[in-house]
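Below: the structure, in C-alpha cells.
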Amino acid sequence: MSDEFIPLEQGFQVNFPGPFEHHDVVVNGHQVPYLRATPLDGGQIHLNLDRRLGLTLSAEEAERVVPFLADAIAVASGYTAHPDAEKDGPVQRHPFPRVQPLLTGE
C-alpha cells in the first residue's frame, strides 16, 4: 500500500492528509508546549508555533531564540518561566501583578 494521499469521494467531509514529520522541542529537559520543529537541509530548522506561525532559523539562531520563546510561552500560559534543568516543573504565577505606587511621598 502506498503512503500517498488518496482523496475520498466528494461527499465526505473528512480527509486524512499526511504523514507529516515534525519533532517536539525540548529546552532544559522539558518540552515546550505549542512548539514543533522540522529539521531542514543545510542545518536549518523550521519552528512552528501553535500550528499557525512558522519561522526558519539556523541551528545557532535557534539555540538563542528557542529558550526565549519557551519562556514567553510559559509566561503567556500563566507561569513564571519555562522550567530549568534543576526544577521538576513550572511555577504558576499569581494572575495579577502586585500593585506598586508610582508616586512616592503621598
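DSSP loop trypsin sites (Lys or Arg not before Pro) in segment 40-83 with at most 11 other Cβ atoms within 10 Å of their Cβ, which ones? Don't skip to the end; give the middle numbers.
Details: sites: ARG51, ARG52, ARG64; in loops: ARG51, ARG52.
Taking segment 40-83 and a limit of 11 other Cβ atoms within 10 Å, the loop trypsin sites (Lys or Arg not before Pro) found are ARG51, ARG52.
Once amide H atoms are placed 1.01 Å from N in the peptide plane, what residues at a sequence separation of 5 or more from ARG93, or on another chain, have their amide H within under 5 Å of its amide H?
TYR79, THR80
What FRET efficiency, computed as 1/(1 + (r/R0)^6) with R0 = 35 Å and r the Cβ-Cβ distance, is obtained for ASN48 and LEU103, rounded to the nearest 0.05?
Values: r = 46 Å, r/R0 = 1.31.
Between ASN48 and LEU103 the formula returns 0.15.
Taking every Cα atom in segment 23-76, find the radius of gyration and the maximum pairwise distance Dmax, and write them in Å.
10.4, 32
FYI, it's all coordinate maths here, none of it is from the lab. This structure is a prediction, so every number in the text was calculated from the model and none was measured. Because the Cβ atoms are built from the backbone with ideal geometry, glycine has one as well, and the counts that use them run over all protein chains shown.
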